[in-house]
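Notes for the one structure printed next.
The values are calculated or read from the model by the stated rules, or taken from the named source; none is laboratory data. Predicted model only: the values in this text are computed from it and were never measured. Here the Cβ positions follow ideal geometry from the backbone for every residue, glycine too, while neighbour counts run over all protein chains shown.
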Amino acid sequence: MRANSLATRLFLSATAWVVLILTITGIALSTVYNHSVERAFDRRLNLYLRTVIADVTTPDDPGDKNPDKAIQSLGEPLFELPLSGWYWRVSSTDPAKPESRSSRSLWDADLPKLEDQGIPLTASGVRLGYVTGPEDQRLRMVERPVDLGTEGKYLVTVAGDASEIFEETRTFDYYLAGTFAALSVGLLLTTIFQVRFGLAPLKRISDSLADIRSGKAERLVGKFPVEIAPLARETNALIDANRAIVERSRTHAGNLAHAIKTPLSIIVNEAGAHGLDPFAMKILEQADVMRNQVTHHLERARIAARLTMIGTVTEVPPVIEALKRTMEKIHRDRGIVIDIAVHPGAKFRGERQDLEEMAGNLVDNACKWAEQRVFIEVLVQPPAASGLDPAVRIIVDDDGRGLSAAERSQVARRGQRLDESKPGSGLGLSIVVDLAQLYGGNLKLAAAPIGGLRAELTLPGVA
């Protein structure tokens, strides 16, 4: 997993949680504040309601020429202003004594009844709710039934303009949204800072591993936080153990080569002393086969051990140019022209001597069979998917007689030679196939555009 991908996921996850938590918190705070504003508004309405009820329950003074004076002076001028949104009303619920008094602000309009809307009485004996008043005003209204015994039953109602509640709540929501927006930005910047610098050691490890893999470094170096230090330490230990295993494998391969070559040399010398004896000739033939087999498998063991080494990278252009100069000298008497077209950035993930052996076998074989010309082309093939390395394609064409499909399938087998007149042991192409497969590559034979054989070698590259 790449550190930047992890950082992106952590940032997106933190962003989602911040937005979710702040949204839920904002909704909760807005709801709580709205209820608080409603309760304060209801206390104000109840105060006016009790004042009106007190006046209703107080006997009228016969000498008072204005019986509505006490009710009209509730201390709120809006009750005097027509259609102001603040109203009170006292209406008789006795059909035999229809009577009604109201504030001047109600003018000639009327107020709906909460009782008709099915709103029940609260524990304090009042009804509270929102209604639509005159001029389609949104009102918060409280009403209470009052029983005066022989004087009759009344319904006392006080209503206030609910826009005060909505405007105050809306103002609070605006400030809350602005505050939470600033808080969100602050939290996200803090998260970015934490993710960026918190995952910086992982990014360093990722870059260091890429350097090791590309051959620019051999170990993870530098100081790491306590949480990451064990990972770096174990990674370095793994690299050291891998290197030790490779060295032991090389040593064992060399010891085995010396141990087998000496008895083979003695057998060949003893058989050679008997001249043209058929039995001696058979021994020499089989000894030569054994020598080839030992050389082949020891080479495979050596390559397999070397492939476990981390970070070996070879520049391809210098190898191809050196092969061109060498082969032109070797085949100077035949006048073979070798043309090359090499991608300047081509890099092979492996050791130089293995690339020289594979490419050298292909170029040498092409020069042996070419009439006049050999063409070598090196291409860098883009990776099939992101995160993968490119491939290096080495294409060697000659203008010789070429091979049929059946011959191409036969010639890559170990020890197979189609023409005994040409020098060699028949192991060249098989060695190339084996080495390419050990590196995860392959060799394909086809017809060349210039008339002869095309050998296309695909090997792992480096980005």
Residue check for I192: touching a strand residue (DSSP E or B) at 6+ places or on another chain (Cβ under 7 Å) and not in a strand (DSSP E or B): no
Residue set A366, A391, A455; condition at pLDDT 90 or above, of a type in the set (G, A, S) and in contact with a Ser or Thr (Cβ under 6 Å, 6 or more places away or on another chain); output residue A391
T169 - would you say it is in a helix (DSSP H, G or I), modelled with pLDDT of 80 or more and under 30 Å from D136 (Cβ atoms)? yes
If you take the residues in segment 87-117 that are assigned to a loop (DSSP other than H, G, I, E, B) and either under 60 Å from the mean Cα position of the chain (by Cα) or among the polar types (S, T, N, Q) (or both), which one is nearest to L139 (Cα to Cα)? L114
Take V363 and decide whether it is of a type outside the set (K, R) and assigned to a strand (DSSP E or B). no
Within segment 77-86, residues being assigned to a loop (DSSP other than H, G, I, E, B) and buried (at least 17 other Cβ atoms within 10 Å of the Cβ) number 3
Expected single match for of a type outside the set (D, E), in the same structural domain as V289 (by TED's automatic domain parsing) and either part of a loop (DSSP other than H, G, I, E, B) or in contact with a Cys (Cβ under 6 Å, 6 or more places away or on another chain) (or both) among G222, G275 is G275
Looking at L148, L199, L176, which is the one that is in contact (Cβ under 8 Å) with a residue 40 or more places away in the chain and in the same structural domain as A28 (by TED's automatic domain parsing)? L148
Considering segment 321-344, residues that are within 40 Å of the chain's Cα centre (by Cα) and surrounded by 15 or more Cβ atoms within 10 Å (Cβ to Cβ), and then whichever is nearest to A463 (Cα to Cα), we arrive at H343
Take the conditions of a type in the set (D, E, K, R) and without any contact (Cβ under 8 Å) to a residue 40 or more places away in the chain and apply them to D94. Does it pass? no
Looking at (1) surrounded by fewer than 20 Cβ atoms within 10 Å (Cβ to Cβ); (2) modelled with pLDDT under 90; (3) not hydrophobic (A, V, I, L, M, F, W, C), which is the only condition Q137 fails? (2)
Residue pairs within 7 Å by beta carbon, gap of at least six or interchain, first lying in segment 332-348 and assigned by TED's automatic domain parsing to the domain that holds G400 and more than 19 Å from N365 (Cα to Cα), second outside any strand (DSSP E or B) and modelled with pLDDT under 90, listed first then second, are K347/V313; K347/V462
Examine segment 55-73 for a residue that is out of contact with any helix residue (DSSP H, G or I) (no Cβ under 6 Å at 6 or more places or on another chain), exposed (fewer than 14 other Cβ atoms within 10 Å of the Cβ) and either in a helix (DSSP H, G or I) or at pLDDT 85 or above (or both), and state whether such a residue exists. yes
Working carefully through the options E227, E234, find the one that is surrounded by fewer than 14 Cβ atoms within 10 Å (Cβ to Cβ), more than 30 Å from G26 (Cβ to Cβ), at pLDDT 75 or above and under 25 Å from the mean Cα position of the chain (by Cα). E227
Scanning segment 28-44 residue by residue, those buried (at least 16 other Cβ atoms within 10 Å of the Cβ) and under 14 Å from S124 (Cα atoms) turn out to be D42
